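Asks: I'd like to ask you about the structure that follows.
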Ligand code: ADP
């Protein structure tokens, strides 16, 4: 029972195609003219193909007449039409059909290739921008390599599939239908034999396609796994080399590679089986048609020319489409599998998105309030447990607490990377969900522990891709971030190209560029998530100077383990297991002598010990 259900599911290519078509239709509909040209060309091509054997019928039925010579009968040319006229007429007809058919094929291929290229260009851009908007929860769920495969090779598969498989499939289907109709006009008995053969073929094909689809999907999946492994290995090349992980990773890769090869071969094997079935079925049909056709000719219910047209149809116009169909099933299924992988992503709705009533935020003053905020990354998790916190505009809040207590989660909610499960967050008295995401995030500057720099110039990294930012503003931001000095000493100053992820810079330098990038925004709210954690003391000082300038007058959330940098009048929030356990200035919390004070004393004695033993 379960197996039957599985097969039923596998065989079902139609729902998959419908989903894809529904998503692609708006893009396809933009190219009505090209599609109309292509359909006309396809019809012309099929019509001409159906006409091809008719000159033969003419020769056999009209031009060759039987002549008795002794005991035997010979076919001789009828004398009614002059041989020259006959020869030129026939040559002209055959050549004209061939030339017109070639032109029609060219037009259909070219116009479809153009439609495919244009549609896929749109879909790829749509996919790329959709991926950027999908929530973080989505990105944690999918592997990077898998997503890259979808944007690159899956799109390419569909494009090739449309040109090499789907269009020929459409042509072959129309040809087969047209031919069956013409056959019925010539002789219904022989046509019924051909139709039966076609139905047997469709039955076998339908059964095998389910299996092909299954292996093609697995094949695509294993290709995505290979891409993910490669992307992870290259992304972590430093660790791979430092820990000599080559052998282990190569073993894993080899196993994945073998699996990929096996799955690829499996669908090819089934396609080949389908092809052999076509050959056998066509041979059987031709034999039966010849047998039955000869009887009909002898009974004078069929002309020899009709039988010739029939056999020619079966051999030249019936077998090739079926054979191509068998050959292309793999490609068609592959195209559909790739299409489904694209649609899977496009149908994924970001769970954090603009409400229909969302408005562009006014320039914030910066008062922030968390009201009974509860949050977990999945339904069973309780990361923040009814958190309340009010911050006045321009106030600086330092969030401290053990690792995993929910500090970064708190600021992710403020940036609306996730929405709270319960409770709300207000900015200037308004729930932040009522603002559009863009207008909210553009008013928050962020400096994280690991600031990602793009593989482009220092200038572009600071300007954030905003073309309206002038060189003067960039330099001003860099000076504020304490970065101008080292930038002008780089080989090409602000035009120096950074290597991927800014690897050519030191940690402190990267952080200072990130501060300049944050300063460009002139946002009233700043979020600093452990911005100095990985830095040595000298770099820390330079970064802190930049940060102090950046956050001046802004509502600031600073997450830090670096308790030395806390100033006496800053407000401190002590978070543990998603709850605020202490709240006040450094002095007040030291006086309370509870968790914060213990943490501070522990840090100080650890720092003194380091100083004493000379460790850093
Ligand atoms: P902190 O910043 O205080 O170290 P976090 O806010 O990063 O703590 O994490 C709080 C808890 O949430 C931790 O237990 C962590 O494992 C979990 N967590 C963080 N990010 C995710 C995520 N994307 N998916 C699932 N759990 C997460």
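Asks: When you scan segment 533-548, do you find a residue that is within 16 Å of the ligand (Cβ to nearest atom) and farther than 25 Å from residue 466 by Cβ, even just one?
Replies: Within segment 533-548 (the criterion being within 16 Å of the ligand (Cβ to nearest atom) and farther than 25 Å from residue 466 by Cβ), the answer is yes, since at least one residue qualifies.
Asks: Residue pairs, Cβ under 8 Å, 6 or more apart or interchain, first in segment 595-606 and farther than 14 Å from residue 566 by Cβ and assigned by TED's automatic domain parsing to the domain that holds residue 583, second at pLDDT 90 or above and surrounded by 12 or more Cβ atoms within 10 Å (Cβ to Cβ). List them.
Replies: 595/574; 595/576; 595/581; 595/582
Asks: Determine, yes or no, whether residue 359 is more than 12 Å from the ligand (Cβ to nearest atom), over 20 Å from residue 566 (Cβ atoms) and not assigned by TED's automatic domain parsing to the domain that holds residue 557.
Replies: yes
Asks: Right, here's the next one. Considering only helices (runs of 4 or more DSSP H) fully contained in segment 368-475, which possess at least 2 residues that are under 30 Å from residue 495 (Cα atoms) and more than 16 Å from the ligand (Cβ to nearest atom)?
Replies: Those helices (runs of 4 or more DSSP H) span 437-441, 458-463.
Asks: Can you find a residue that is within 30 Å of residue 61 (Cβ to Cβ) and either in a helix (DSSP H, G or I) or touching a strand residue (DSSP E or B) at 6+ places or on another chain (Cβ under 9 Å) (or both) anywhere in segment 163-172?
Replies: Yes.
Asks: Listed residues 520, 525; which is in contact with a strand residue (DSSP E or B) (Cβ under 8 Å, 6 or more places away or on another chain), modelled with pLDDT of 85 or more, in the same structural domain as residue 389 (by TED's automatic domain parsing) and closer than 14 Å to residue 443 by Cβ?
Replies: On inspection, the qualifying residue turns out to be 525.
Asks: Working only within segment 552-585, note down all residues that are within 16 Å of the ligand (Cβ to nearest atom), at pLDDT below 90 and touching a helix residue (DSSP H, G or I) at 6+ places or on another chain (Cβ under 7 Å).
Replies: 563
Asks: Between a first residue in segment 465-477 that is more than 15 Å from residue 522 (Cα to Cα) and a second residue that is surrounded by 11 or more Cβ atoms within 10 Å (Cβ to Cβ), which pairs have beta carbons less than 9 Å apart while being 6 or more apart in sequence or on different chains?
Replies: 465/454; 465/456; 471/459; 471/494
The values are calculated or read from the model by the stated rules, or taken from the named source; none is laboratory data. The shown structure was predicted, so the numbers you read here are calculated from the model rather than taken from an experiment. Quick reminder, even Gly has a Cβ in these numbers, built from the backbone with ideal geometry, and neighbours come from all protein chains shown.
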